[in-house]
Structure formats: structure tokens, C-alpha cells
Amino acid sequence: MKNVLVIGATGQIGSELTMELRKRYNGDIVAGYIPGAEPKGELLESGPSEIVDITNDQQIAATVSKYQIDTIYNLAALLSAVAEAKPQLAWKIGMGGLFNVLEVAREKNCAVFTPSSIGVFGNNTPKDKTPQDTIRNPRTMYGVTKVSGELLSDYYYIRFGVDTRSVRFPGLISYVTPPGGGTTDYAVDIYYEAVKKGHFVCPIAAGTFMDMMYMPDALHAAIQIMEADPSRLKHRNSFNIASMSFDPEIIAGNIRKYMPEFTIEYKIDPLRQAIADSWPNSLDDTCAREEWDWEPHYTLDVMTQDMLSKLKTRFKK
Ligand code: SER
């Protein structure tokens, strides 16, 4: 990787991944954004940025040519709950956008990373230690676009030799840029509310387990998979990766370890609950460990200490 285009650079993952790539590589790491989501502060000042709407193939191609981009991180997407409210737009961004990226990559010889998700799995998928290669039958538009994206990305690799690689992200937790409209967002919101109010109204029921990951591990995965030796990869789109699995009671209990006065109550959001119930409790990430040495570093407890300390500093009155 020398020159990289990050599409969706001001989003939850992009805002941190762009900075991490700029720390690691000397080339141009271009922050692609859409009007209304302009980069600010360090993200704006530390490298080039360009308007790149993923639904506009000309914009993608022009930016790739201008900076001689060799790797595209395609992070544009609507998260699961928003995608249910706007399924047509979710398809347009998720699949139309991916098609544009893959076509530009084919013509201009770029590698492509497109995140997939635990959302590719559905009610017929084995729930515990979900295998790498298993039933993918989501009933959400988010999941439909992610499964289709995996298939299309593999097709472009097999048919045209485009170097496509991907991981299935679990819920991602960070104190930098909040997610918008996902099912796993509660595990981010709970920290913000704990620090701001000492109380959290949880939209997901106690006992609902989902895979989660602290953002530094997710950034590491996104970079490590693109650096992996291709001769070792038996899979490409997409690898299960896992770090921690918990339900709302477990994360609340962990927060209480550092904030004994913290309280939680439940007000279930039926849409998000149905989505969460259709997703696995935990993934088996053996293939990622074997094929490119994936290994997470953060536990729930270490993440909780870091989240609380960073957010306490930010919201200190
Ligand atoms: N975090 C995503 C969501 O909840 C899942 O990948 O929509």
C-alpha cells in the first residue's frame, strides 16, 4: 500500500482508519467524503481530501487517477437499522457503490477492502461459534447487501484478478466518531450515557449476545488483511473475526466495576431486537487466525477502562 483512497473517510470507521493509515504509510492517504460530511481538524489537516460520492463512478475514477491510488478502502454504507428504513438507498450505496469501486479497481489495478459484517448471517445460521463457511441467509437489507457484496467481490477476484479482501466486522466500539443507526450501537451509547448521566436506557434485551470489538483491533484487522501474503489466503470475502461477545447485562456489570452507581433499564426497540436476534452470539475466527495471523488485543475490561477514561476527560465539566 502506498497511495490509498478511503471512501467514507469521515464515518465511524473511516475517521480513525484514515489517521491510522497516515501514521503507517508515507504515500497519499486520501480522505474521500460526501458534501455535508466534510473532514475537520486533524483529519482535514494531516493529508489530502476529495469529494468522492460512491454512487458517482467518475468521481472515484478521477481521484484514483489523480493520486495514483493502489488501494481503496470502501467504507460507505448505511448501518442495519437505517438500512431497514431506507432499503432502496442502502442497496444503491452498498451494491451500486461497490460495483462502481470494483469497476474502477479493475480498470486501474487497485486492491479493494470492503467491510462485511456479522449481519451476513440469519436465523438459520448456527448461533454459537458460527463457522467461517456456513449458511448466510439474512433478512435485513443491510445483510442482503453485505452477502451480495461478498459474492461480487469474490467474483471480481476470480474473474478479473482484482485483489479484493474483507473481514466480517462485529459491532465496533469507539470514543471517536459515533456510529449511526446500527443494531450494535447500544454498546457504544452505553459508555456515553454512563459518563454523561450515570444511567442507560437499553434498546436491546438482557440475554442478547452479539460479537463486539474495540476500534483499535478493527483498524488493525483492516490493515493487516490488506498486507497479508496472498499465497496463504484460502478465503477472501469475507473472514470471520472475533474479539469479545457479551449481552447488555455483562457490559453494564463491567461498567459498574468502575462506576458503582451506574444503572441500566430496558426499553426494547422491536426492530433492533429482531435484527439482533437474527445475528450470531459469537463467531469462530479460526480461518483468519490461520490464514493471516489475526489476533485481537483488547478484552471487554480493558476496553471499558479506556472508553470511560477517554469519555470522562471529554465530558468533564
Ligand atoms: N454494527 C453494524 C450494525 O449494527 C453491524 O455490522 O448495523
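The values are calculated or read from the model by the stated rules, or taken from the named source; none is laboratory data. Computed from a predicted model, the values in this text were never measured in an experiment. Here the Cβ positions follow ideal geometry from the backbone for every residue, glycine too, while neighbour counts run over all protein chains shown. Heavy atoms of the whole protein, side chains included, go into the accessibility calculation; ligands, DNA and RNA do not. Shrake-Rupley method; radii C 1.70, N 1.55, O 1.52, S 1.80 Å.
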Mind giving me the nanometre distance, one decimal, between the label points for Ile268 and Asp28, set 7 Å out from Cα along Cα→Cβ? 5.2
Anchor Lys23: aspartates and glutamates whose Cα lies under 17 Å away (excluding residues fewer than 8 positions away in-chain): Glu42, Glu45, Asp217, Glu227
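I'd like the FRET efficiency for Arg314 and Phe160, computed as 1/(1 + (r/R0)^6) with the beta carbon distance as r and R0 of 41 Å, rounded to 0.05.
Numbers: r = 45 Å, r/R0 = 1.11.
So, using R0 = 41 Å, E works out to roughly 0.35.
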Based solely on C-alpha atoms, express the radius of gyration and the Dmax of the chain in angstrom. 18.8, 58
Can you quote the Å³ per residue value for the convex hull of the Cα atoms in region 80-215, rounded to an integer? 127
Tell me which aspartates and glutamates have Cα within less than 14 Å of Lys316's Cα, excluding those fewer than 8 residues away on the same chain? Glu193
Using label points projected 7 Å from each Cα along Cα→Cβ, tell me how many nm separate Leu233 and Thr286, to one decimal. 2.2
Rounded accessible area of Phe160 (nearest 10 Å², 1.4 Å probe): 90
Would you mind pulling out the separation of the Cα centroids of region 179-255 and region 287-317, in Å? 9
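Need the full-extension length gain, Lys129 to Thr177, defined as separation in residues times 0.36 nm minus the C-alpha distance. One decimal, nm.
This chain segment gains 14.3 nm when fully extended.
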Given the C-alpha centroids of region 78-149 and region 1-55, what is the distance between them in whole angstrom? 22
Multiply the residue gap between Glu103 and Arg256 by 0.36 nm, knock off their C-alpha separation, and tell me the result in nm, one decimal place. 50.1 nm
With r defined as the distance between the Cβ atoms of Ala205 and Thr299 and R0 fixed at 25 Å, what FRET efficiency is calculated, to the nearest 0.05? 0.55
Radius, Kirkwood style, for region 149-195 when every pair of distinct Cα atoms is counted (Å): 13.2
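Within the accessible area of region 105-219, what % is carbon and sulfur when the probe is 1.4 Å and the other protein chains stay in place?
Ligands and nucleic acids excluded, carbon and sulfur reach 52 percent.
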Based only on Cα atoms, what Rg/Rh ratio does region 270-314 have, Rh being taken as Kirkwood's radius? 1.15
Principal axes first, then extents: for the Cα atoms of region 97-171, list largest minus smallest coordinate on each axis, whole Å, largest first. 40, 22, 21
Of all DSSP beta bridges located in the chain, what percent are antiparallel, nearest 5? 10
Hey, what D do you get for region 162-254 in µm²/s if you plug the Kirkwood alpha-carbon radius into Stokes-Einstein at 4 °C and 1.567 mPa s? 88
Ranked output for segments 204-213, 266-275 by mean other Cβ atoms within 10 Å, highest leading, reads 204-213, 266-275
Quick one, can you get me the convex hull of the C-alpha atoms of region 1-148 expressed as volume per residue in Å³? 122
How much area per residue is accessible in region 116-258 when the probe is 1.4 Å and only protein heavy atoms are counted (Å²)? 36
